[in-house]
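Right, one structure below, let's go through it.
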Amino acid sequence: MSKTVIAVGGHIGDMELTAGPTLAKVVLEGGRAIIIDCTYGERGHPTIVPSKYREQKLEEARFFADTIGAELVTLDYSDGFLPDDEAVAELIAEVIREAKPDILITHWLHSMHRDHERAAQAALRAAFLASIPIEEIAAERHSVPTILHAENWEDMEGFEADTFFEIPDAAYDRWRTGIERHAFARGETYGFRFIDYYSALMQVKGCLVGHQRAAAFKSAGHEQFALAGP
């Protein structure tokens, strides 16, 4: 899987948690992985004020990226306030034009979190913007061959996985080491055992496709590409 993969999440931790094992696999197999976190996710701790949690989240994101060998791009937006505008999509499109990914991963379009939905919409729009010529932009345009939505228990309305990647032990171990630095993933914010859940989920999906572990995704349909256009 020697490919370039970009993963776009609504908050720091979203793609690290859901797409992280696949990104670790990509790097181990000689590919390039880029995580784009659209907001800091700094309002998700019940006892730490957002300004302090923001710095902690940034440290957690950097540690995770370093651990799995990924590159990190953090957009300067606040948790809960990701705008629905062209500016977000254009920032993501810049990364797509430069990196020319084989695969783009983002949230499913239906979620309990508005930031998740807006990040997904921005990612799809960015894929469209990166694919068309723009006179003011010198970078070569790029059409992303494959767009996938990561399986997230908060984004499950209408989600049906149709794409699976085997997650070898080495990739799982890197992911586990990196994600354990995230306080929310350890269950320290609202008590949900994210690491246990996603570890078990990978084993369940692995049973379905004949592997010890597998990560599940849903391919973007033609109707979603239509949403990204003018």
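The values are calculated or read from the model by the stated rules, or taken from the named source; none is laboratory data. Treat the numbers as computed from the prediction; the structure is a model and nothing was measured. Please note: Cβ atoms are built from the backbone with ideal geometry, for glycine as well, and neighbour counts cover all protein chains shown. Accessible surface is based on the protein model in full, side chains and every heavy atom, while ligands, DNA and RNA are left aside. Shrake-Rupley method; radii C 1.70, N 1.55, O 1.52, S 1.80 Å.
Considering amide H positions built from the backbone, and no H for Pro or chain starts, which residues 5 or more places from A161, or on another chain, come under 5 Å of its amide H?
none
Taking the Cα centre of the stretch 8-135 as the origin, how large is its charge dipole in debye, to the nearest 20, when only Lys and Arg (+1) and Asp and Glu (-1) carry charge on their Cβ atoms?
Computed about the Cα centre, the dipole is about 260 debye.
Given H placed 1.01 Å from N in the peptide plane, which residues other than close sequence neighbours of Y77 have an amide H under 5 Å from its amide H?
Y40
Not counting the cut sites, what is the longest span of the chain without GluC sites (Glu not before Pro) that DSSP labels loop and that have at most 11 other Cβ atoms within 10 Å?
The segment 1-134 is the longest one with no such site.
Read phi for every residue in the stretch 84-92 and hand back ³J(HN,Hα) as whole Hz from Karplus 6.51 cos²θ - 1.76 cosθ + 1.60, θ = phi - 60°, with x for Gly and Pro.
Each residue of the stretch 84-92 in turn: 9, 8, 5, 4, 5, 4, 5, 5, 5 Hz.
Can you give the accessible area per residue of the chain, in Å², using a 1.4 Å probe?
44 Å²
If you put +1 on each Lys and Arg Cβ and -1 on each Asp and Glu Cβ, how big is the dipole of the stretch 1-64 around its Cα centre, in Debye rounded to 20?
Here the stretch 1-64 has a charge dipole of around 80 debye.
If ligands, DNA and RNA are left out, what is the accessible area of K3 with a 1.4 Å probe, given in Å² to the nearest 10?
80 Å²
Towards the positive end of the charge dipole of the stretch 74-224, with charges on Cβ (+1 Lys, Arg; -1 Asp, Glu), say which of V209, W108, S219 has the farthest Cα.
Going by the Cα projections, it comes out as V209.
May I ask you to list the residues of the stretch 1-25 whose amide nitrogen lies under 14 Å from a point 7 Å from Cα along the Cα→beta-carbon direction of A170?
1-2, 24-25
Please compute the contact order of the chain in relative form: average sequence separation of alpha-carbon pairs under 8 Å and at least six residues apart, divided by the residue count, as a percent.
Computed over the chain, the figure is 24 percent.
Please list 3J(HN,Hα) in residue order for the stretch 191-204, calculated via the Karplus relation 6.51 cos²θ - 1.76 cosθ + 1.60 where θ = phi - 60°; whole Hz, with x for glycine and proline.
These are the phi-based 3J(HN,Hα) values: x, 6, 8, 4, 5, 4, 4, 6, 5, 5, 4, 5, 5, 4 Hz.
Based on Cβ point charges of +1 for Lys and Arg and -1 for Asp and Glu, what charge dipole magnitude is obtained for the chain about its Cα centre, in debye rounded to the nearest 20?
Here the size comes out at about 540 debye.
Which of I48, I195, I35 moves most in a GNM of the chain, Cα contacts under 10 Å?
Looking only at I48, I195, I35, the largest GNM fluctuation is found for I48.
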